[in-house]
Amino acid sequence: MARFEVRLSGSGGQGIIVAGIILAEAAGIYEGKEVCQTQAYGPEARGGASQADVVISDTEIDYPKAIQPDVLLAMNQKACDTYARDLKPGGLVLVDSTLVHDLPSKNVVALPFTQIARQEVGKEMVANIVALGALAKISGVVSVANLEKAVLARVPPGTEELNRRALAAGAAAAAQYVRTRVLKFLEEEKPDDI
């Protein structure tokens, strides 16, 4: 793998920093990659801007911050508006469609992470883990199995099953999204004589 940059973004209280740490640990500890994780956040305890960059590579990393992310996870509209322009040409924007409604023009995957966390898992606070499951499934930057190991090693005792379900729900939503897109593509490309 050449240098692969991921930017996770949202608001304080959405678990962006924790998600960045978990992704970095999955790549570095469980997949044996070179990894660097940096973070930035506003002074507010909740509601201020929050960002975590994760750089993953097979070779030594010479600069620790994302320059042009390959993948941007935006958990709210402000994060999407602020960071989408930094994306590498052809990069992917992954957004929480529960909170992001004005989407960039291309390469966007919109999944309702907060809604999935609330309705399928029962706790809105695990939307960050739902998003990580989807990010891993769609980007392939780390395996979902290794991401699960990192999640379970990092979350508070007693929340392991909740977080396991959240990760699985995100991966399942991403897999369904990909299946739907492939089927739609196949239907559009199907010759008329078949």
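All of the numbers you see were taken from the coordinates with simple rules; none came from a lab. Please read these numbers as outputs of a predicted model, since none were measured by experiment. Cβ atoms come from the backbone with ideal geometry, glycine included; neighbour counts cover every protein chain shown.
Report, in debye and to the nearest 20, how large the dipole of the chain comes out about its Cα centre when Lys and Arg carry +1 and Asp and Glu carry -1 on their Cβ.
Roughly 380 debye, rounded to the nearest 20.
State which helices in the chain qualify, where a helix is a whole DSSP H run, it must extend 24 Å or more along its own axis by its Cα atoms, and its mean Kyte-Doolittle hydropathy must be at least -1.0.
Counting only whole DSSP H runs, the qualifying helices are 160-189.
Which shape class, rounded, prolate or oblate, goes with the stretch 6-68 when its Cα gyration tensor gives a ≥ b ≥ c as root eigenvalues, a/c under 1.5 marks rounded, and past that a/b bigger than b/c marks prolate?
prolate
Determine the calculated [θ] at 222 nm for the chain from helices alone, applying -39500 (n - 2.57) to every DSSP H run no shorter than 4 residues and normalising by the residue count; nearest 500 deg cm²/dmol.
-12000 deg cm²/dmol
Can you list residues from other chains, or at least 5 along the same chain, whose modelled amide H is less than 5 Å from the amide H of residue 39?
Here 53 satisfy the definition.
Which ³J(HN,Hα) values in Hz, rounded to whole numbers, follow from the phi angles of the stretch 70-87 under the Karplus curve 6.51 cos²θ - 1.76 cosθ + 1.60, where θ = phi - 60° and Gly and Pro get x?
6, 9, 10, 9, 10, 8, 8, 5, 4, 5, 4, 4, 6, 9, 4, 5, 7, 4
Students often forget the sequence filter, so: which lysines lie under 25 Å Cα-Cα from residue 65 once same-chain residues fewer than 8 apart are removed?
33, 78, 88, 106, 137, 149
Residue 78 versus residue 38, label points 7 Å from Cα toward the beta carbon: distance in nm?
2.2 nm
Using a 7 Å offset from the Cα along the Cα-to-Cβ direction at both residue 161 and residue 85, what is the distance between the two label points in nm, to one decimal?
Simple spin-label model gives 4.8 nm for this pair.
Going by a ≥ b ≥ c, the root eigenvalues of the Cα gyration tensor, does the stretch 4-189 fall in the rounded group (a/c under 1.5), the prolate group (a/b larger than b/c) or the oblate group?
It comes out rounded by the Cα gyration axes.
Hey, can you grab everything whose amide H is under 5 Å from the amide H of residue 73? Only 5+ residues off in sequence or another chain; H modelled, so Pro and N-termini drop out.
The list, which skips near neighbours in sequence, is 7, 8, 9, 94.
Starting at the first residue of the stretch 4-14, write each ³J(HN,Hα) from the Karplus equation 6.51 cos²θ - 1.76 cosθ + 1.60 with θ = phi - 60°, in whole Hz, x for Gly and Pro.
After applying 6.51 cos²θ - 1.76 cosθ + 1.60, I find 10, 10, 10, 10, 9, 8, x, 10, x, x, 8 Hz.
Could you give me the ³J(HN,Hα) list for the stretch 89-95, computed from phi with Karplus coefficients 6.51, -1.76, 1.60 and θ = phi - 60°, whole Hz, x at Gly and Pro?
x, x, x, 10, 9, 10, 10
Given H placed 1.01 Å from N in the peptide plane, which residues other than close sequence neighbours of residue 49 have an amide H under 5 Å from its amide H?
Those lying under 5 Å, H to H, from residue 49 are 12, 42.
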